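Notes to accompany the following structure.
The values are calculated or read from the model by the stated rules, or taken from the named source; none is laboratory data. Worth saying up front: this structure is predicted, and the values here are computed from it rather than measured. Here the Cβ positions follow ideal geometry from the backbone for every residue, glycine too, while neighbour counts run over all protein chains shown. Protein only, heavy atoms only, side chains kept; ligands, DNA and RNA dropped before computing areas. Shrake-Rupley method; radii C 1.70, N 1.55, O 1.52, S 1.80 Å.
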Amino acid sequence: MADSSPHITEANDGGQRWAQLRGRWGAAELGDRSIWKSVREQLRRHPPGEGQAWDLTAADWLDHVGAQLLWDHWRQQRPQQLRMTDMQRQMMERVASLTIACPPEKQVNWWGWLIQLGMVLLGFLAHARAMIEMVGQLLIDVLRLLRNPARGPWRDFSGNLYSVGATALPITALVGFLIGVVLAYLMSLQLRQFGADAFIVNILGISLVRELGPLLGAILVAGRSGSAITAQIGVMRVNEELDAMQVMGISHGFRLVMPRALALATAMPLVAIWTTMCALVGGMLAADAAMGVSPAYFVQAMPGAVDIANLFLALAKSVTFGVAIALIACHFGLQVEPNTQSLGRGTTSSVVISITAVIVLDAIFAIAFRNVGF
């Protein structure tokens, strides 16, 4: 090994073992892979401890890289017996002051996980309790409206009815039409193999009237209008308008929640019928193009293929979807804190939970009324 290469020699002084550094302990030398492996192996043969003393005075060169290597090897503690020059002492002190200790390895904390799970459960229970209270307050507000209709917030109701229903017609029509086309083309590929072309009316009618029409309309309204409701009420919280209403004795439920719930409950059945009609038109045109099923036959066979009970069930589901979307959107809007970060988080949660609630309610209706309309 060349004299300039970093290496360690052993010396015995009065029964004390000394590890003496020789050569150049710098970045240029330690950057060589073979020299680095050799130095690591020599350091491993001289572990830090009370019986090991270190002598740095014989080293030809020691820079910050070498000093950091030694400091880490010593487990970031100065050996009890250490010889070094004044310049080396200053360098080791600088390295020691700038070294950041590695964080300890995290142990598996089952109690922490259990506490976190409990916090999530408590948060869910708090949201569930607030939703139950909002449902009860909505029933009380509706009874109050029935007792004195002239004092009702009809302007808010009409404004929300327009924004939720009328302005949603173009997007629901487009999505419904395209879904009808896609379903008709996909089913035509299978029905044609068995010569069951005529049954496309039954499949499209049941699936669109009973399930997809109300579900698509509700999902689109939840993403479009539910987020808008949450954002509107959240901005009122940020601008302290909700606090002003409370100071003036104006009920949040009567002026904010009830008009939106009634508007969505009224608009959702109409949106569902509109979406279903557009989807049927798309399916009818696609069936004519793909299977030769004429629109005249499609319209003639539809009443016999789809029982009227399916339409009533779809309307009932739409009303439930509308009320659920309105309550969830208003709930998260009222929970917004007076800052923009909470507003964005509340709007996102409102959309996600509204869509989830719509799908869950649709599954409940499908199980509870599985024998209706067949």
- Query: What relative contact order, as a whole-number percentage, does the chain give when Cα pairs under 8 Å and 6 or more residues apart are counted?
  - Reply: 17
- Task: Whenever you get a sec, line up PHE365, PHE177 from highest to lowest accessible area (probe 1.4 Å, protein heavy atoms).
- Result: PHE177, PHE365
- Item | Among beta bridges that DSSP assigns inside the chain, antiparallel share in %, nearest 5 | 45
- Task: Compute the signed sum of charges (Lys and Arg +1, Asp and Glu -1) over the other residues within less than 15 Å, Cβ to Cβ, of LEU334.
- Result: -1
- Task: Work out the P(r) tail for segment 93-214: percent of alpha carbon pairs separated by more than 26 Å, whole number.
- Result: 67
- Message: At a threshold of 8 angstrom on Cα-Cα distance, excluding pairs fewer than six apart, so keeping six or more, what relative contact order does segment 73-222 reach in percent?
- Response: 17
- Mean Cβ-within-10 Å packing, highest first, puts peptides 28-35, 255-262, 285-292 in the order 255-262, 285-292, 28-35
- √(5λ) per eigenvalue of the Cα gyration tensor, segment 247-374, largest first, Å: 38, 17, 14
- Can you pull the one-decimal nm distance between simple spin-label points at ARG147 and GLU93, each 7 Å off the Cα toward Cβ? 8.3
- Task: Take the solvent-accessible surface of the protein heavy atoms, probe 1.4 Å, and return the percent of it on the chain that carbon and sulfur atoms account for.
- Result: 63
- Message: Can you give me the Rg/Rh ratio for the chain, using Cα atoms for both radii and the Kirkwood formula for Rh?
- Response: 1.37
- Task: Relative to the longest principal axis of the C-alpha atoms of the chain, give the angle of the C-alpha long axis of helix 64-73, reported between 0 and 90° and rounded to the nearest 10°.
- Result: 80
- Message: Positive end of the dipole of the chain, charges at C-beta (+1 Lys, Arg; -1 Asp, Glu), about the Cα centre: which of GLN335, PRO153, THR85 has its Cα farthest in that direction?
- Response: PRO153
- Query: Taking a probe of 1.4 Å, how large is the accessible area per residue of segment 218-354, in Å²?
  - Reply: 41
- With +1 at each Lys and Arg Cβ and -1 at each Asp and Glu Cβ, the charge dipole magnitude of segment 100-192 around its Cα centre, to the nearest 20 debye, comes out at 280
- Ranked packing of 345-354, 142-151, most packed first, by mean Cβ within 10 Å: 345-354, 142-151
- Kindly work out what percent of the DSSP beta bridges joining two residues of segment 1-86 are antiparallel, to the nearest 5. 45
